[in-house]
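The values are calculated or read from the model by the stated rules, or taken from the named source; none is laboratory data. The structure presented is a predicted model; accordingly, all values stated were derived computationally and were not measured. All Cβ positions, even for glycine, are placed from backbone atoms using ideal geometry, and neighbour counts span all protein chains on display.
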Amino acid sequence: MTPEEILKKYELKVTYARIRVLELFQNHPFALSHPFLEKNIDTIDRVTLYRTLNTFEHEGIIHKVLDDSCTLKYALCIDFCKHHDKKHKHEHLHFQCIKCNQTTCLQVQIPYIEVPDGYEIIDTHFSVKGVCKKCNQILSDPNS
């Protein structure tokens, strides 16, 4: 989908800032930090970027991802993110590469977690660290 089509699907106003932010997410297959977004969209002020990210998260277009250094990143939601009754769930695996430090969403379901009576799970975050496919290919390439 184009950024314009995504915005229309979610019944959001099509603006330059929203299109630029969506383009960045579509062109990078990993979670993006606020500083990365600011650096790569120098024509949008910090407040507009912050509001755009909040709107996209509220609407279920993106979701937050925390890496092991507690750096907040955002990832574009894809087919396996769930939307139920306006409650956005992203119950899938977040993979952080120890070589390139990129965090990606993988289509691996988080197993059901049973908690004791009286506890209620609101959200689940599951992340693992390792070496991503791209870095593994570089490591195993004899010409590199």
Could you list, in sequence order, all residues of segment 1-49 that are of a type in the set (Gly, Ala, Ser) and closer than 17 Å to Leu72 by Cβ? Ala31, Ser33
Selected residue [among the aliphatic types (A, V, I, L, M) and either more than 20 Å from Lys133 (Cα to Cα) or at pLDDT below 90 (or both)] from Leu32, Leu76: Leu76
Residue hits (segment 35-47; assigned to a helix (DSSP H, G or I) and either touching a helix residue (DSSP H, G or I) at 6+ places or on another chain (Cβ under 7 Å) or among the small types (Gly, Ala, Ser) (or both)) are Leu37, Glu38, Asn40, Arg46
Selection status of Lys99, assigned to a strand (DSSP E or B) and modelled with pLDDT of 85 or more: no
Could you grab the pairs with beta carbons closer than 6 Å, sequence gap of 6+ or different chains, first residue in segment 94-111 and in contact (Cβ under 8 Å) with a residue 12 or more places away in the chain, second one surrounded by fewer than 18 Cβ atoms within 10 Å (Cβ to Cβ) and of a type in the set (Lys, Arg)? Gln96/Lys129; Ile98/Lys129
Sole miss for His92 among (1) over 13 Å from the mean Cα position of the chain (by Cα); (2) modelled with pLDDT under 75; (3) closer than 17 Å to Phe25 by Cβ is condition (1)
Selection count where residues are surrounded by 13 or more Cβ atoms within 10 Å (Cβ to Cβ) and modelled with pLDDT of 80 or more, scope segment 107-126: 0
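Taking Ile6 as the residue in question, decide whether it is at pLDDT below 90 and aliphatic (A, V, I, L, M).
no
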